[in-house]
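The values are calculated or read from the model by the stated rules, or taken from the named source; none is laboratory data. All figures in this text were calculated on a predicted structure; none of them were measured in a lab. Every residue, glycine as well, gets a Cβ built from its backbone with ideal geometry; the counts of neighbours run over all protein chains shown.
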Amino acid sequence: MPSDLLSELQLSRDTAMYPADRDFVFATQAGTPLTESNATRRIIKPAAKAAGVPWAAWHDLRRAAASRWAREGHGPRAMQRLLGHSDPNLSLGVYTWVRDDDLPSGDTLALRSAG
């Protein structure tokens, strides 16, 4: 986990209504764990709408992370472990997106085949 994220989580814990080690970092106002539907309705959907992608959902966050890791050059086995999959083909085939700007240009392809 990046140290800046760890610091943010610690700050969140320190200032939470329920700051004990046994308490949840992300909890309801009653201190109980957030359910997927509650977190989606109260956190994910408003954030997605504010970001201009109201269609985004939980798994889109995983897909975005996997796609970023792929663009950064992380191998299929590393991505498999990071995503918790049993098969790297699932990590690559389902969880990575290829954008147009991820593809090599025609000139780059021509240079590769000529070399």
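Results, tabulated for the structure shown:
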| item | result |
| --- | --- |
| Residues located in the stretch 78-105, provided they are modelled with pLDDT of 90 or more, of a type outside the set (S, T, N, Q) and not in a helix (DSSP H, G or I) | Gly84, His85, Asp87 |
| Qualifying residue in the stretch 22-42 (condition: surrounded by 14 or more Cβ atoms within 10 Å (Cβ to Cβ), part of a helix (DSSP H, G or I) and aliphatic (A, V, I, L, M)) | yes |
| Qualifying positions in the stretch 1-21 - over 24 Å from the mean Cα position of the chain (by Cα) and part of a helix (DSSP H, G or I) | Asp14 |
| Single residue of Ala51, Ala27 found to be touching a strand residue (DSSP E or B) at 6+ places or on another chain (Cβ under 8 Å) and closer than 25 Å to Leu11 by Cα | Ala27 |
| Residue in the stretch 54-74 that is closer than 19 Å to Met1 by Cα, in a loop (DSSP other than H, G, I, E, B), in contact with a helix residue (DSSP H, G or I) (Cβ under 8 Å, 6 or more places away or on another chain) and free of Cβ contacts under 8 Å to residues at least 12 places away in the same chain present | yes |
| Selected residue [more than 16 Å from His59 (Cα to Cα), surrounded by 10 or more Cβ atoms within 10 Å (Cβ to Cβ), among the charged types (D, E, K, R) and free of Cβ contacts under 8 Å to residues at least 40 places away in the same chain] from Arg99, Arg77 | Arg77 |
